[in-house]
Amino acid sequence: MGGLLALITSTHYQGDDLLNKDIRQVVHDAGTTLPDFTMGLVRWWMVYNGRFFPGSLSWTYVLFWFCDSRVAYKLAIGTVLLGAIVVFGLFVSRLTGRWKTGAIYISIVLGLLQIRTMHDGIISYAGLIPLTAGLSVAAVLIVISRRGFWWAALAALLYSFALVTYETVLLFAPVMVAIIVWKRRSWRPAAAIAIPALTQGVIVTILRLSLHTAPELAYTVNLESKTVLVTFAKQALAAFPLSQWAPGAPAMPAITKSAIAIAVLVAGLPTFLSIASLGRSRVRATRTEIIAIAIFGAWIWLSSSALVSIAVRWQLELHRGQGYLPVVYGYFGLALFLLAVYLSVDRTMVNRSRPVIVTWRYGSALAIAAVVSLTFAGNVVVASLS
């Protein structure tokens with residue numbers, strides 16, 4: 001993970017960051033204060049696009065206000081990404097009661113996290129997607145791990161902030177609630193997720209119904225089935241490793257041998273040794289736990305892709321291999337799904353012959369390490385361009 005943080009820190013400003021980095025000057029020129037400037041934009045988004053995301057604007061502007069250098073800003077959003085990875089790892093460890101699952105998840109997700117040439121949610125946009133993904137899963141982790149009103153209040157607060165920062169996490173609420181009910185054997189603890197989700201849903205619905213002018217294309221819906229399916233496929237498949245280099249995708253620079261060599265040394269070899277070491281004993285996750293992980297992962301990945309697929313702007317602009325910002329949710333979700341696949345195969349290794357177990361142990365470690373290496377090499381190439 002240190003290598004990924006170093007790559008993020010080495011990149012330049014991209015997308016909206018090119019404007020937001022000058023927030024101090026913008027606020028000064030407007031002759032106002034940061035809170036007033038932020039609230040003015042919150043109202044504008046509510047009135048003209050039906051969006052309620054004060055957390056996004058507040059987080060972004062405050063982050064740029066205090067991070068007065070590119071390196072400080074990149075370190076901040078890189079740390080947010082690593083924090084989200086750790087939270088997801090802790091979540092699957094808690095869900096299965098085995099710390100190894102978290103370690104394996106972290107290795108898998110590192111093989112999916114791609115730095116993109118445009119609309120990248122890892123090195124830009126104030127880290128909003130990793131932030132809200134981490135806060136949402138942290139809320140579930142707290143509810144299934146701790147009892148009591150104040151813990152539930154903390155979980156509700158974290159998820160509420162995620163909801164008003166990037167509304168897409170509203171889609172994750174049904175499965176989050178289901179997991180809490182399953183683990184706690186009660187509907188009551190799930191209120192920490194359900195109440196904020198219902199509140200945000202009502203707010204968004206009222207704002208959308210109150211619009212008097214057509215919103216921007218990014219928030220205009222087109223449900224023509226063929227167009228939606230094509231856009232959905234583009235967004236969902238963009239979560240797979242090296243998707244930017246897929247056939248038919250926009251031209252990308254070649255992944256050089258030197259980049260691969262660096263990746264194998266920095267990321268691939270440590271991953272191989274880690275997975276091979278963990279494979280000395282079976283994880284033995286239960287079938288129910290594996291199914292829960294698979295469903296949650298698939299839901300995060302595919303529901304966020306579905307939301308992108310119905311927006312007119314992305315139906316027009318999204319190219320093969322180039323997912324829009326919520327593809328970062330796809331990385332985390334697909335990694336959960338692939339972890340479930342790994343755990344399913346690992347279950348079948350019980351009572352198998354030693355040669356079969358050894359082949360699985362080192363073969364799976366090599367496969368994961370190879371993907372991590374190639375993804376890291378691709379990130380090295382893209383980072384050198386940004």
The range 60-103, residues that are of a type in the set (S, T, N, Q) and free of Cβ contacts under 8 Å to residues at least 40 places away in the same chain: S69, S93
Inter-residue pairs, beta-carbon under 7 Å, first farther than 26 Å from A139 by Cα and in the range 190-214, second hydroxyl-bearing (S, T, Y) and at pLDDT below 95, 6+ apart: T213/Y48; A214/T220
Candidates L5, L19, filtered to the one that is in contact with a Gly (Cβ under 7 Å, 6 or more places away or on another chain) and either charged (D, E, K, R) or surrounded by fewer than 18 Cβ atoms within 10 Å (Cβ to Cβ) (or both): L5
Residue in the range 228-237 that is under 30 Å from D346 (Cα atoms) and small (G, A, S) present: yes
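Just wondering, is there one or more residues in the range 169-186 that are at positive phi and of a type in the set (K, R)?
Yes, the conditions are met somewhere in the range 169-186.
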Residue in the range 217-239 that is surrounded by the fewest Cβ atoms within 10 Å (Cβ to Cβ), counting only those that are under 15 Å from E167 (Cβ atoms) and of a type outside the set (G, A, S): V221
Matching residues, the range 138-161, being of a type in the set (S, T, Y) and either surrounded by fewer than 21 Cβ atoms within 10 Å (Cβ to Cβ) or more than 11 Å from A192 (Cα to Cα) (or both): S145, S160
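Residue-wise test of (1) out of contact with any Gly (no Cβ under 8 Å at 6 or more places or on another chain); (2) closer than 22 Å to T96 by Cβ; (3) modelled with pLDDT under 95.
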position: I295; (1), (2), (3): yes, yes, no
position: W299; (1), (2), (3): no, yes, no
position: L318; (1), (2), (3): yes, no, yes
position: Y324; (1), (2), (3): yes, no, yes
position: G330; (1), (2), (3): no, no, no
position: G333; (1), (2), (3): no, yes, no
position: A340; (1), (2), (3): no, yes, no
position: V358; (1), (2), (3): yes, no, yes
position: R361; (1), (2), (3): no, yes, yes
Boolean, A30 is surrounded by fewer than 18 Cβ atoms within 10 Å (Cβ to Cβ), among the aliphatic types (A, V, I, L, M) and either over 26 Å from H212 (Cβ atoms) or free of Cβ contacts under 8 Å to residues at least 24 places away in the same chain (or both): yes
Restricting the range 31-76 to residues that are basic (K, R) and over 26 Å from L4 (Cα atoms), the residue that is modelled with the highest pLDDT: R43
The lone exception for A370 - which of (1) of a type in the set (A, V, I, L, M, F, W, C); (2) under 19 Å from S243 (Cβ atoms); (3) without any contact (Cβ under 8 Å) to a residue 12 or more places away in the chain it fails: (3)
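Under the condition of being part of a helix (DSSP H, G or I) and touching a residue at least 60 places away in the same chain (Cβ under 8 Å), which residue from the range 277-287 is surrounded by the fewest Cβ atoms within 10 Å (Cβ to Cβ)?
Ranking the qualifying residues of the range 277-287, first place goes to R287.
Which residues, counting only those in the range 71-99, are charged (D, E, K, R) and either surrounded by 20 or more Cβ atoms within 10 Å (Cβ to Cβ) or in contact with a Lys or Arg (Cβ under 8 Å, 6 or more places away or on another chain) (or both)?
Answer for the range 71-99, where residues must be charged (D, E, K, R) and either surrounded by 20 or more Cβ atoms within 10 Å (Cβ to Cβ) or in contact with a Lys or Arg (Cβ under 8 Å, 6 or more places away or on another chain) (or both): K74, R98.
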Residue list for the range 112-127, restricted to those being assigned to a helix (DSSP H, G or I) and crowded, with 24+ Cβ neighbours inside 10 Å: A126, G127
Hits in the range 248-276 - residues which are surrounded by fewer than 12 Cβ atoms within 10 Å (Cβ to Cβ) and either among the acidic types (D, E) or free of Cβ contacts under 8 Å to residues at least 12 places away in the same chain (or both): A251, K257, S258
Out of T117, T132, sole residue that is modelled with pLDDT of 95 or more, on the phi < 0 side of the Ramachandran plot and of a type in the set (S, T, N, Q): T132
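The values are calculated or read from the model by the stated rules, or taken from the named source; none is laboratory data. Source: prediction; values computed, not measured. In this analysis, Cβ positions are derived from the backbone assuming ideal geometry, glycine residues included, and neighbour counts consider all displayed protein chains.
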